[in-house]
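Below is one structure; the comments refer to it alone.
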Amino acid sequence: MNENLFASFIAPMILGLPLVTLIVLFPSLLFPTSNRLINNRLISLQQWMLQFVSKQMMSIHNTKGQTWTLMLMSLILFIGSTNLLGLLPYSFTPTTQLSMNLGMAIPLWAGAVITGFRNKTKASLAHFLPQGTPTPLIPMLVIIETISLFIQPMALAVRLTANITAGHLLIHLIGGATLALISISTTTAFITFIVLILLTILEFAVAMIQAYVFTLLVSLYLHDNT
């Protein structure tokens, strides 16, 4: 109970060396590959899920947009597995760090925007000024659309950070309350424990949903620019 509420969000270190790099690389070990003619159930389930998500997400894209399929599928696997591993006890979740989420959001957003300006220059510039805008409002709308364009990567990163951080804080608070209530009221502690279990199940769903939402928004930004 004396532990700092935000201690779980501090990057772990050993002998003064940060372990974030190893933690970020670890989820890639959980997705095995097979060169066999007939795959086992785990790899078959993994391939089926990837095909299902890729068909649903990339069906709206043209040929140029579909070249991003491998990167977007890698992105959703990385964020989803990182979020799920962060729910384990005494673990660290890199996606609770705004700096890391910005490091993912800004290059992807910039790549989509640069692709749009390179391949569809007129259409990309047309987004800054909706058709039929009155002449006096043109400068204001151009400024507003420019600000909204540059806010997109920040919104991606903040959404992911806020949802994952809020869920971990709630689990930490309700878990601490359950331990404190055991010596006061067993019935109340049991009810709180049930709430904690339900919240943990919800966080598993949130971990997967946020990975899908992050990747889907990047896919939509790409669709608008290809």
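The values are calculated or read from the model by the stated rules, or taken from the named source; none is laboratory data. Just so we're clear, the structure is a prediction, and the values are computed from it rather than from any experiment. Note: ideal-geometry Cβ built from the backbone for every residue, glycine included; neighbour counts use all protein chains shown. The accessibility values were calculated without ligands, DNA or RNA, using every heavy atom of the protein model including side chains. Shrake-Rupley method; radii C 1.70, N 1.55, O 1.52, S 1.80 Å.
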Query raised in the report: Does T121 satisfy being open to solvent by less than 80 Å² (accessible area, probe 1.4 Å) and free of Cβ contacts under 8 Å to residues at least 40 places away in the same chain?
Result: yes
Query raised in the report: L129 passes all but one of (1) part of a loop (DSSP other than H, G, I, E, B); (2) aliphatic (A, V, I, L, M); (3) closer than 23 Å to M71 by Cα; which number fails?
Result: (3)
Report task. May I ask you to list the residues in the range 173-193 that are assigned to a helix (DSSP H, G or I) and open to solvent by 70 Å² or more (accessible area, probe 1.4 Å)? Result -> L173, L179, I182, T186, T187, F190, I191, F193
Query - the range 143-195, subset hydroxyl-bearing (S, T, Y) and in contact with a Leu (Cβ under 7 Å, 6 or more places away or on another chain), residue farthest from G111 (Cα to Cα) - result: T188
Report task. Assess whether L88 counts as being of a type in the set (A, V, I, L, M, F, W, C), over 26 Å from the mean Cα position of the chain (by Cα) and at pLDDT below 85. Result -> no
Query raised in the report: Could we say that G80 is assigned to a loop (DSSP other than H, G, I, E, B) and either without any contact (Cβ under 8 Å) to a residue 40 or more places away in the chain or buried (at least 19 other Cβ atoms within 10 Å of the Cβ) (or both) here?
Result: no
Report task. Please identify the pairs in which a residue from the range 193-210 that is more than 17 Å from P89 (Cβ to Cβ) has its Cβ atom under 8 Å from the Cβ atom of a residue that is open to solvent by 70 Å² or more (accessible area, probe 1.4 Å) and modelled with pLDDT of 90 or more, counting only partners at least 6 apart or on another chain. Result -> Q210/R159
